[in-house]
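To keep things clear, I will list the structure first and then write my remarks on it.
The values are calculated or read from the model by the stated rules, or taken from the named source; none is laboratory data. Since the structure is predicted, the reported quantities are computational estimates derived from the model, not experimental observations. Cβ coordinates were reconstructed from backbone atoms using ideal geometry, including for glycine residues, and neighbour counts include every protein chain displayed. For accessibility, only protein heavy atoms count, side chains too; no ligands or nucleic acids. Shrake-Rupley method; radii C 1.70, N 1.55, O 1.52, S 1.80 Å.
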Amino acid sequence: MSRYGKRIVASLLLAAVAVSVSTLAVRAERVALVIGNSDYQHGTPLANPRNDATDVAGALQAVGFKVILGRDLDWRAFSETIRKFSNALKDADDAVFYYAGHGLQVGGQNYLIPVDAKLDSERDLDFSAIRLNFVLRQMELDRDDKTNIVFLD
């Protein structure tokens, strides 16, 4: 893992411990979505995201999170993994989303890039990428007074 990746894991552990301490009196359900995309088919491959995601998932599991881990997800698998996370959020008091991989901000929107995305023009974003706001919305729906933590690496 890179030095930067180790810092991310340390930050995640601190956040998870803070969440754990804040809910000591009540056993809370905790769920995390951890995605690491490295092996891009139509873009520059990345060396660390897949390994960083594995390490982050392990760290979160160690402090009691149910982890949904996705590595090198194409668009369909990315969408299905978000759906699984969304369903798990219904019973969760605490949620973490960690994403490592390519991302873009265009027109004030943030996009997470699946490994099979072929982005030849801005129009392709709506068909080939995942809007970060979509994931954030899933974390917020019917979850008033719940804890959400997001890490974009």
I want to make sure I understand the PRE zone here: with the label point 7 angstrom from the Cα of L152 toward its beta carbon, which residues in region 31-55 have backbone N atoms less than 12 Å away? none
Whole-Å semi-axes of the ellipsoid equivalent to region 37-143 (Cα gyration tensor, √5λ, descending): 24, 18, 11
Taking amide H atoms as placed 1.01 Å from N in the peptide plane, list the residues 5 or more away in sequence, or in a different chain, whose amide H sits under 5 Å from that of I149. A95, V96, F97
So what are the ³J(HN,Hα) numbers for region 83-94, from phi and the Karplus equation (6.51, -1.76, 1.60; θ = phi - 60°), rounded to whole Hz, Gly and Pro as x? 4, 4, 4, 4, 5, 5, 5, 4, 9, 9, 8, 10
Carbon and sulfur atoms account, in whole percent of the 1.4 Å probe accessible area of region 48-110, for 42
So, for region 33-153, what is the accessible surface per residue at a probe of 1.4 Å, expressed in square angstrom? 53
Which of the trypsin sites (Lys or Arg not before Pro) found in region 80-121 are loop residues per DSSP with 15 or fewer other Cβ atoms within 10 Å of their Cβ? K90, K118
